[in-house]
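Encoded as structure tokens, the structure appears first; notes follow it.
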Amino acid sequence: MRIIVRYLAAVVLFAAAVTSSFANEFEAGAGSRSAVNRWRSDRINIAISRSLLTSTSNFKAGTDVESALKRAIARWESVANVHFSVSESRRRNASPAGARGDGESLITIAQTSENLALFQPGDTSISAKTRVFTDRNGFVTEADIVLNPYASFSTDGSYATYDLEGVLTHEIGHLLGLRHSQIMGSVMHGNVDINSTIGPGFAFRKALSAEDIASVRALYGAATESEACCGEVRGRLLPTEVSLAGSLILLEDKNGEIAAGKRFEGNGEFIFGGLSAGTYAVLVARDGVGTLAEDLGTVSVESRSTTHFEAKPVAELTPFELTYVGADGLLSTSAVKLLPGSTTLMTIGGRGLDSSQLAIFTSSPFIRIDESSLSDLDYAENVSAIRFQITVDEKAASGSYSIFVQSPSGELAVLPGAISVTKSVWIIGFVHHPGEHCHKK
């Protein structure tokens, strides 16, 4: 069944208004010999600028900034061996870029010339910016978080505001030394949603995904010694006729949740740490050819042990590509949030998609797609899409799950982490980067 979808320019203009993303900077110490890693100690002191507690123009009335910060900190402390001490500070400015800061890790939103210089005048497309300082050995010595003084924040999903708790959770991840994730449904993914009235199913990420948890545990270990953590996988993909540079390696647990994912360089080597004990499927998603996916086998991980993995991808190019995911006919590059026990109409978009020729399924036995509900949507600019009904079982665990599309001849493509199952969610808008969006018109 094919449905022709026509467009209204006003939708594109509105969508541009909710474009948003995260940004972060890492300042290496003089003579630095290694990449940004972690704090030397698991006890970290941060200071709240009084600008956060006295600002009235940036926060919706009734927003409890301190409680939002406490919840954001608690998310990281509950999964990793990190302990925060929070105090107030009269300081208003983040430390300027350079080899070293002033020694105080500050969270601020003060509208000073120094902080405003981090953002384009009047630009609200970036919610916050974190500047991390390291010593010559790669240990973090200071990290300053600046919430965008041009933007508005709330904790109740208010229209045209950023979710304060979600933004702080993401930025504290940077403060801990984490970079942006490649997984859509992860807190550390580079896109950030802004609250809107369109696109049911899009919502800001606050709960840490398995991939977020493994990443921070790789740096600091688990919160308690009793957990079956933390194993490591060291792998290598053998050379193929098609370059693997920039490809995405994924580990999925037995329930289909993404536990690890990163892009690797031309040598095909990768390392995943902080993993819980268990057996994981290893997948590769090629860069530059859509989202060509290949199942490379499984790897067993034991607590406090290193497992080695080696494979040679053999897949050919797929005759179709997956790029976008959405709900209610909208497409974006952010994960769609679904509640356990819910049934939703979802859409995937890309190139060469035809519901009569493709099978669509997820990585989880608790998330089912009704094959009889598949219908084609025609989008502009050579974008094809398929809409379908998806049901999440009440027993589904919170986490990031992938959508797979397979042709009759076996070619496989994947949208890593396109589904984010969460226990509770605001119904808010969607996100895209310029040049990476499709909108139903």
* Mind checking the full-extension length gain between D123 and N137? Use 0.36 nm per residue of separation minus the Cα-Cα distance, one decimal, nm. => 1.5 nm
* Structure fact -> Under 5 Å from the placed amide H of A143, counting only residues 5+ away or on other chains, we find S105, L106, F133
* **Over the range 21-179, relative contact order from alpha-carbon pairs under 8 Å, at least 6 apart, %** => 35
* Quick one: net charge around A72, please, counting Lys, Arg +1 and Asp, Glu -1 for every other residue with C-beta under 9 Å from its C-beta. => +2
* Anisotropy class of the range 321-421 from Cα gyration tensor, a/c 1.5 cut -> prolate
* **Per-residue HN-Hα couplings for the range 178-194 [Karplus 6.51, -1.76, 1.60; θ = phi - 60°; Hz; x = Gly/Pro]** => 7, 9, 5, 8, 8, 9, 3, x, 8, 4, 8, 5, x, 8, 9, 7, 10
* To do: Using per-residue counts of other Cβ atoms within 10 Å, averaged over each peptide, order 116-128, 213-225 from highest down.
  => 213-225, 116-128
* Rounded, prolate or oblate: which one fits the range 224-311, using the alpha carbon gyration tensor with axes a ≥ b ≥ c (rounded when a/c is under 1.5, else prolate when a/b beats b/c, else oblate)? -> prolate
* Burial ranking of peptide ranges 255-263, 347-355, 53-61 (average Cβ count within 10 Å, highest at the top) -> 255-263, 347-355, 53-61
* Mean separation of Cα contacts under 8 Å (6+ apart) over length of the range 311-353, as relative contact order % -> 45
* Asked: Taking K312 as the anchor, which aspartates and glutamates have their alpha carbon closer than 14 Å to its alpha carbon, excluding any fewer than eight residues away along the same chain?
  -> E241, E269, E294, D295
* To do: Would you please classify the overall shape of the range 101-141 from the alpha carbon gyration tensor, given that a ≥ b ≥ c denote the square roots of the eigenvalues, rounded means a/c under 1.5, and beyond that prolate means a/b larger than b/c while oblate covers the rest?
  => prolate
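Just so you know, all these numbers are worked out from the coordinates, no wet-lab data involved. These figures come from a predicted structure and were not determined experimentally. Ideal geometry is used to build each Cβ from the backbone, glycine not excepted, and the neighbour counts take in all protein chains shown.
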